[in-house]
Each structure stands twice: as C-alpha cells, then as structure tokens.
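The values are calculated or read from the model by the stated rules, or taken from the named source; none is laboratory data. Bear in mind that the values here come from a model prediction, so they are computed numbers and not experimental data. Backbone-built Cβ (ideal geometry, glycine too); neighbour counts: all protein chains shown. For accessibility, only protein heavy atoms count, side chains too; no ligands or nucleic acids. Shrake-Rupley method; radii C 1.70, N 1.55, O 1.52, S 1.80 Å.
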Amino acid sequence: MATELLLGAKDGRIDGGWQALGKLFLYCAGCCHSKSDSYYPVHPVAAHFVPKTRFSRTAGRSFLIPPCRVDVLYVSDPCEHANEPEDVGLFRGVFKGFDNSETKKLLTARAVQYEESEICPFCKARVWSMSRARMIPRSASMRLAAYNENVEYLICLNGHLYGRCALLHLSDSDACDEDY
C-alpha cells in the first residue's frame, strides 16, 4: 500500500508526511461528541494504538460516490468499541494523490466549508465533513454493517480519512447462539 501511495508522488513525499501516514496505520483516533456528528450521540472513546490493521482498496470504493470512484482510497476495517446507545466502529483511510482526486475537486466545486472545530488527528490539517457535503453513499454503511445507516467521516486537506459508524449492540446472549 505504501508503495502504491508513492507512485506519482513528488520527490517521494507523501501528502501530510510519513509521520502522519505511520500514525494513520497504527492509531485509532478515538472519538468524542462534536458539532459535525450531532445526528447520533456517543460517549467518548479514548484514542489508542492498534496491534494490527487491514486496509483495503476495495473497501475504499464503497466510501466514494459514483463520480469519485476513479479515486484510490484505502480504508481500514473498523475498530469496534462498546458504547451507548449503540456500539461504535471507528475507521480510517488515506487517498492516493488526493490533490488531483475527483473527491477533492467535487468538495471544492460544491464550496463545502471546513469544519470549524475539527482537525485531522494524524496531520492536524483542516477537514471536510462528508455528511455535510452529502457525499456518503449507502454502500459505505453496507460495507461497515452500520446500524440505521449512521456513518460519518471526515477528510483532511492531505487526504486522510477518519470516521465512525453505529454498530448494532449485541448482548452476551446474542453473541453466542444457543440453538444447535
């Protein structure tokens, strides 16, 4: 994945820097309630390092609306956290060549405003809310198995993506099927 992100990069530079990309690979940014995601409340989830993560280019296509599906986006499997009222899945991703992507062109053409109170947890750049931009396809909630299609993600100026979704809470009795 890092090799592909480098293809076409200027002077071997990754958007946002190598340090931010390394953090994105190994760090679940957690979440707290903010103005940009007020449509479903959650209790804060602390940030933490993750021992291993799988990123998928195929999954990334599910997060792009049809006019932007030519873009290359890698998205992680969600990091699942118990929460109330629903469990929460936190995910992250990165675009290849975000500066020239159809996603950035569309955000710019629609004059989508940056989020006032949010910055990228990986590189500290300003971010756009994809729900505010109305650019979250139904395929994203299907890919994440999100409860009631509660999905929100933000993309920074350097092409880092981070977000969350509501997951159906399974009680202990739901987790193991006693019917044989």
Open item on the list: All but one of (1) over 16 Å from the mean Cα position of the chain (by Cα); (2) of a type in the set (Asp, Glu); (3) modelled with pLDDT of 90 or more hold for Asp71; state the number of the condition that does not hold.
Closed with: (1)
Open item on the list: Of all residues being open to solvent by less than 30 Å² (accessible area, probe 1.4 Å) and modelled with pLDDT under 80 in segment 31-57, which is nearest to Asp77 (Cα to Cα)? Just the residue, please.
Closed with: Cys31
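Taking the conditions exactly as written (assigned to a helix (DSSP H, G or I), modelled with pLDDT of 90 or more and in contact with an Asp or Glu (Cβ under 8 Å, 6 or more places away or on another chain)), does Thr108 satisfy them or not? Walk me through it before giving the result.
Details: assigned to a helix (DSSP H, G or I): yes; modelled with pLDDT of 90 or more: yes; in contact with an Asp or Glu (Cβ under 8 Å, 6 or more places away or on another chain): no.
Taking the combined requirement at face value, the residue does not satisfy it.
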TODO: Return only the number of the condition from (1) in contact with a Gly (Cβ under 6 Å, 6 or more places away or on another chain); (2) open to solvent by 40 Å² or more (accessible area, probe 1.4 Å); (3) farther than 17 Å from Leu144 by Cβ; (4) not small (Gly, Ala, Ser) that Cys123 does not satisfy.
DONE: (2)
Open item on the list: Just checking, does segment 165-180 include any residue being open to solvent by less than 10 Å² (accessible area, probe 1.4 Å) and either at pLDDT below 80 or more than 15 Å from Asp71 (Cα to Cα) (or both)?
Closed with: yes
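For segment 99-123, how many residues meet the condition of being without any contact (Cβ under 8 Å) to a residue 24 or more places away in the chain and among the hydroxyl-bearing types (Ser, Thr, Tyr)? Quick ask: steps written out before the conclusion?
Taking segment 99-123 as the starting set, the residues that turn out to be without any contact (Cβ under 8 Å) to a residue 24 or more places away in the chain are 100, 105, 108-114.
Keeping just the survivors that are among the hydroxyl-bearing types (Ser, Thr, Tyr) gives 108, 114.
Residues flagged as without any contact (Cβ under 8 Å) to a residue 24 or more places away in the chain and among the hydroxyl-bearing types (Ser, Thr, Tyr) within segment 99-123 amount to 2.
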Open item on the list: With the structure loaded, tell me whether Leu26 is at pLDDT 75 or above, over 17 Å from Glu118 (Cα atoms) and crowded, with 18+ Cβ neighbours inside 10 Å or whether it fails that test.
Closed with: no
Task: Residue in segment 130-149 that is at pLDDT 90 or above, open to solvent by 80 Å² or more (accessible area, probe 1.4 Å) and either under 27 Å from Leu5 (Cα atoms) or not in a helix (DSSP H, G or I) (or both) present - done: yes
- [ ] Could you figure out which of (1) buried (at least 16 other Cβ atoms within 10 Å of the Cβ); (2) modelled with pLDDT under 90 isn't true of Glu80?
- [x] (1)
